[in-house]
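J.: A single structure is presented below for examination.
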Amino acid sequence: MIGGVGFGFPAMGAWYPNNGMQGTYGTNGLWGVAAWSPLPTPGCPFDVAMQQMLRILQNMASNASPQAAGTGKRNLSSLLDGYLKGVQGASKVGAPQKGEATRIPGGKSIYSKGMFHKGVKGCPTYAFENSPQGIKYAAKHGYSSIDLDMQITKDGVLVNTHWSQPMAKDGFYDPLGKLDPKTKVSEMTFAEVSRLRNRDGQSRIHTMESQIALLKKYGIAGDLEAKNDKRFATDKVMGQISSMVRKSGIKANLKSIDRGPGSRKILKKAQEYGFWVRTAKGNGKSARNIGYAK
């Protein structure tokens, strides 16, 4: 019951976080609408989808027949308008927007007490660097940040591992023996990546979501490195990374090795989502600080 007018909605499709609303509406006799086609944009953040949804409801209320809406038509439209403005205001807190107010906390300060990475004392391998044990060790020994490498599986899951071919270079293997040792993370599903084991007897490949949660638990910042995958330059992927970091409340920077235009697109997209960015050392080039979007 809104504004004195009761109404119901036909069945909705399932809601998938960051994937928009799936499915369509059927006939709604109350509003005289045969079908609902302008679905919230797939891949948009929840608050953006909510705004789109409210606009659709507002249009339905404004165009409702007098018989259907009666005297409550104006009240309903007014209520939806007010609520929409409230959602738009609230979305400025977490939605990806340019400007200092939406910056993710980070910058040079996360390196003040050192960054934990392969090669420093206590970190013999990339597998250890990108592990829960590595995060715990770094925090225990006073590092202000840790280098976490990001790859994307074939089915779009963000995982924490250094090499694109973990079985060829980092001691991982397929216990079922079904995968070619040269298979890339981008060629494996998450189910395949998650079953990999390491010859060190403990390392596995974890999701970035679970690793970011551990950064929060142990109070250490993340120096997140986007590897050579063009999907990092998309709103879908960078929005997901930004959302995980913002939700956790950790400090984090984002970096990528300078491999040319593709890397620059990744860093530009990261800036759009509020990250302080830099290039990482590699490809024969030194690291270079870039900063927040201006």
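The values are calculated or read from the model by the stated rules, or taken from the named source; none is laboratory data. Keep in mind that what you see is a predicted model, and the values were worked out from it rather than measured. No Cβ is skipped: glycine too gets one built from the backbone with ideal geometry, and neighbour counts run over all protein chains shown. Side chains are part of the model used for accessible areas, which takes the heavy atoms of the whole protein and leaves out ligands, DNA and RNA. Shrake-Rupley method; radii C 1.70, N 1.55, O 1.52, S 1.80 Å.
J.: Answer yes if at least one residue in region 162-172 is closer than 18 Å to Ser131 by Cβ, in contact with a His (Cβ under 8 Å, 6 or more places away or on another chain), part of a loop (DSSP other than H, G, I, E, B) and not polar (S, T, N, Q), and no otherwise.
T.: Scanning region 162-172, I find at least one residue that is closer than 18 Å to Ser131 by Cβ, in contact with a His (Cβ under 8 Å, 6 or more places away or on another chain), part of a loop (DSSP other than H, G, I, E, B) and not polar (S, T, N, Q), so the answer is yes.
J.: Go through (1) surrounded by fewer than 16 Cβ atoms within 10 Å (Cβ to Cβ); (2) farther than 27 Å from Tyr273 by Cα for Asn198 and report which single condition fails.
T.: Looking at each condition in turn, Asn198 falls short on (1).
J.: Next question. So, in region 113-145, how many residues would count as being under 18 Å from Glu209 (Cα atoms) and among the β-branched types (Val, Ile, Thr)?
T.: So the count comes out to 1.
J.: Of the residues that sit in region 251-266 and are of a type outside the set (Gly, Ala, Ser) and open to solvent by 10 Å² or more (accessible area, probe 1.4 Å), which one is nearest to Ile110 (Cα to Cα)? Walk me through how you get there before you give the answer.
T.: Of all residues in region 251-266, those of a type outside the set (Gly, Ala, Ser) come to 251, 253-255, 257-259, 261, 264-266.
Subsequent filtering for residues that are open to solvent by 10 Å² or more (accessible area, probe 1.4 Å) retains 251, 257-259, 261, 264-265.
Details: Lys251: 7, Ile257: 19, Asp258: 21, Arg259: 24, Pro261: 27, Arg264: 22, Lys265: 24 Å.
Applying the filter and picking the extreme gives Lys251.
J.: Looking at Ala213, Ala270, Ala287, which one is under 18 Å from Leu148 (Cβ atoms) and open to solvent by less than 10 Å² (accessible area, probe 1.4 Å)?
T.: Working: Ala213 fails: open to solvent by less than 10 Å² (accessible area, probe 1.4 Å); Ala287 fails: open to solvent by less than 10 Å² (accessible area, probe 1.4 Å).
So the residue among Ala213, Ala270, Ala287 that is under 18 Å from Leu148 (Cβ atoms) and open to solvent by less than 10 Å² (accessible area, probe 1.4 Å) is Ala270.
J.: Which residues, taken from region 208-263, are over 16 Å from the mean Cα position of the chain (by Cα) and either over 23 Å from His117 (Cβ atoms) or small (Gly, Ala, Ser) (or both)?
T.: Gly219, Ala221, Ser256, Gly260, Pro261, Gly262, Ser263
J.: Right, next: Could you look through region 173-195, keep only residues that are in a loop (DSSP other than H, G, I, E, B) and either touching a strand residue (DSSP E or B) at 6+ places or on another chain (Cβ under 7 Å) or of a type in the set (Asp, Glu) (or both), and pick out the one that is least open to solvent (accessible area, probe 1.4 Å)?
T.: Initially, region 173-195 is screened for residues in a loop (DSSP other than H, G, I, E, B), giving 174-184, 188-189, 195.
Restricting the remaining residues to those that are either touching a strand residue (DSSP E or B) at 6+ places or on another chain (Cβ under 7 Å) or of a type in the set (Asp, Glu) (or both) gives 174-175, 180.
Details: Asp174: 16, Pro175: 72, Asp180: 86 Å².
Filtering first and then ranking leaves Asp174.
J.: Additional query: For Gly122, are the conditions met, namely being open to solvent by less than 40 Å² (accessible area, probe 1.4 Å), free of Cβ contacts under 8 Å to residues at least 60 places away in the same chain and among the small types (Gly, Ala, Ser)? Explain how you work it out, then say what you get.
T.: Details: open to solvent by less than 40 Å² (accessible area, probe 1.4 Å): yes; free of Cβ contacts under 8 Å to residues at least 60 places away in the same chain: yes; among the small types (Gly, Ala, Ser): yes.
So Gly122 passes the test.
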